[in-house]
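Below is one structure, written out as structure tokens; the observations come after it.
The values are calculated or read from the model by the stated rules, or taken from the named source; none is laboratory data. Since the structure is predicted, the reported quantities are computational estimates derived from the model, not experimental observations. With ideal geometry, Cβ positions are generated from the backbone for all residues, glycine too; neighbour counts draw on all protein chains shown. These area figures cover heavy atoms from the full protein model, side chains too; ligands, DNA and RNA do not enter into them. Shrake-Rupley method; radii C 1.70, N 1.55, O 1.52, S 1.80 Å.
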Amino acid sequence: MYTEYQPSHLLVPYIDNYWEFKGNPDYGMRIHILPDGCTDFIFTLGEVANAVEEGSLIMQPYRSYFVGPMTKYSELVTYTESIHMFGVRFLPCGLSCFTNLPLHEFVNSRVSTNEMKAVFDDTFIEKLGEQKHVTDRIRVVEEYLLAYLARHYQPADSHVAMAVNMINHSKGKRSVRSLMDDVCLCQRHFERKFKHYTGFTPKEYSRIVKFKNAVELLRTTTSANLLTTAVDAGYYDLAHFSKEIKSMSGNTPASFLSLTVPEETTLTYIEPQR
């Protein structure tokens with residue numbers, strides 16, 4: 001039902017992946033979307049799953065939306081017989097090479113693309129709707145993005161890009177203070193730039209990367225010893241680890257273990273449910 005596709009080598013520096021969510025879900029199926037540090041453009045090519053949070057924008061079929069940086073999980077629910085959504089997921093700093101959009105203004109938000117001016121206009125959904133196969137949709141997106149880059153390319157901020165890479169490399173375990181030593185900017189200026197281009201403070205982004213690594217460790221472990229996994233992921237103790245996983249995903253650490261079947265369906269934009 002949920003499938004990810006890798007971008008061409010020319011777009012690897014900017015795009016994490018393309019994804020398609022298509023099929024016939026169970027009525028009332030709940031889906032947890034986990035924070036991953038990325039931003040998404042979503043094109044609804046049919047019926048959609050919608051957020052259960054009160055006041056959240058309700059997505060409509062045959063429209064396009066921008067989903068900003070997420071600092072917490074989002075819960076979607078399906079109330080249709082079929083569903084079809086296609087997405088383009090930009091890496092942290094990846095979107096900044098296409099637009100100077102202040103991402104901190106879109107944290108935990110979903111907005112219609114006809115209310116903003118950034119990369120895809122509100123007619124792009126028509127081009128995708130004309131394509132019969134996902135490979136054709138990806139081709140249309142890549143041709144469009146490469147042409148867009150040729151006209152609007154702006155390099156990613158070097159300080160922010162370096163900090164993002166260092167946080168990723170340390171799997172979220174590196175302290176913000178140590179980042180400052182390498183970035184060579186005053187803390188206030190650095191954090192302001194980091195929030196503008198990624199939507200997060202350095203501390204928030206480190207937390208998300210650390211959480212992502214913890215989930216991956218849980219999904220690949222064959223042991224029920226959660227304390228060992230918690231320590232490997234950089235958490236001080238099991239209580240803190242369990243609280244963090246629950247807060248960020250809505251599920252317990254045990255629900256991610258490869259040797260168990262989760263009690264609740266959890267589809268993420270990090271990786272399809274196993």
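Some notes on this structure:
- Residue, farthest from A150 (Cα to Cα), within region 1-13, restricted to residues that are assigned to a loop (DSSP other than H, G, I, E, B) and at pLDDT 95 or above: Q6
- The lone exception for L146 - which of (1) crowded, with 18+ Cβ neighbours inside 10 Å; (2) more than 28 Å from Y236 (Cα to Cα); (3) touching a Leu at 6+ places or on another chain (Cβ under 7 Å) it fails: (1)
- One residue from D36, D26, D16 being assigned to a loop (DSSP other than H, G, I, E, B) and surrounded by 19 or more Cβ atoms within 10 Å (Cβ to Cβ): D36
- For region 39-91, taking the residues that are open to solvent by less than 30 Å² (accessible area, probe 1.4 Å) and among the small types (G, A, S), the one that is farthest from the chain's Cα centre (by Cα) is identified as G46.
- Residues located in region 165-198, provided they are more than 23 Å from V107 (Cα to Cα), in a helix (DSSP H, G or I) and hydroxyl-bearing (S, T, Y): S178
- The set of residues from region 208-225 being open to solvent by 30 Å² or more (accessible area, probe 1.4 Å), free of Cβ contacts under 8 Å to residues at least 60 places away in the same chain and closer than 20 Å to M70 by Cβ comprises K210, E216.
- V119 within 17 Å of the chain's Cα centre (by Cα) and either of a type in the set (A, V, I, L, M) or on the phi > 0 side of the Ramachandran plot (or both): no
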